[in-house]
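Report on one structure; see the data block that follows.
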Amino acid sequence: MKSWLAMFFCVVFLCTALSFAVEQPDPDAGKSTTVKTVPIKPAPPKTLPRETRMRATGKIIELSPAALRIERNVKGTVETMYFPLVKPPDKIKVGDEVGVSYIAKDNQNIAKRISKVTKKKVTPLNGAKTAVAAPPVK
C-alpha cells in the first residue's frame, strides 16, 4: 500500500509540473522584433581599362623633341611608324636602332619608352674550337 501511495504522489507531482509548464506565457510574446539595417555602400568607381603596351623595333629616320619616326622591317616589307612623344628623348640620335614601347590612343601611337638596342656579340664557349674552312676537294 505504501508503494501505491508513493506512485500516486509521483504521478500527481508530474501532472502538476506539466500543467505549470504548459500554462507559461511565451517569453518572446511581449518583445517586438527589430530588424537591423545595414547601410548600403556605394559601388566602387569603375576602373579604366588597362592600356595595352606594344613594342616596335626599328631604325630612327627622323627625330624631334615632339615626335619620332622609325623604319622597321615586317615580313620582308619596310614600314614607317610615327610616334608623338610625351617627353623628348635623350642619348639617341638619327640612325640608331631603338625599341619603342607605345600605346594606341585616339588612332595615334604614343611612345611611352624608348630604349637603344645593342647587338650582343656571340662568343664561342670555353674549349670550343672555331670552325676552319676546309679547302675545296678536287
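The values are calculated or read from the model by the stated rules, or taken from the named source; none is laboratory data. Since the model is a prediction, treat every value here as computed from it, not as a measurement. Neighbour counts are summed over all protein chains in view; Cβ atoms, including those assigned to glycine, are modelled from backbone coordinates with ideal geometry.
Kindly list, by first and then second residue, each pair from a residue in segment 58-76 that is farther than 17 Å from Ser101 by Cβ to a residue that is acidic (Asp, Glu) and in a strand (DSSP E or B), limited to pairs with Cβ atoms under 8 Å and residues at least 6 apart or on different chains.
Listed pairs, sorted by first residue: Ile61/Glu71; Glu71/Glu79; Asn73/Glu79.
Does Lys120 satisfy the condition of being at pLDDT 80 or above, basic (Lys, Arg) and farther than 20 Å from Leu63 by Cα?
Details: at pLDDT 80 or above: no; basic (Lys, Arg): yes; farther than 20 Å from Leu63 by Cα: yes.
So Lys120 fails the test.
How many of the residues in segment 42-64 are in contact with a strand residue (DSSP E or B) (Cβ under 8 Å, 6 or more places away or on another chain) and modelled with pLDDT under 85?
Qualifying residue count for the region: 3.
With the requirement that a residue be surrounded by fewer than 16 Cβ atoms within 10 Å (Cβ to Cβ) and either charged (D, E, K, R) or not in a strand (DSSP E or B) (or both), what does segment 78-95 give you?
Of everything in segment 78-95, those that are surrounded by fewer than 16 Cβ atoms within 10 Å (Cβ to Cβ) and either charged (D, E, K, R) or not in a strand (DSSP E or B) (or both) turn out to be Glu79, Val86, Lys87, Pro88, Asp90, Lys91, Ile92, Lys93, Val94, Gly95.
Checking Lys75 against (1) surrounded by 10 or more Cβ atoms within 10 Å (Cβ to Cβ); (2) within 30 Å of Ile110 (Cβ to Cβ); (3) modelled with pLDDT of 85 or more, which single condition isn't satisfied?
Here Lys75 meets the rest and fails (1).
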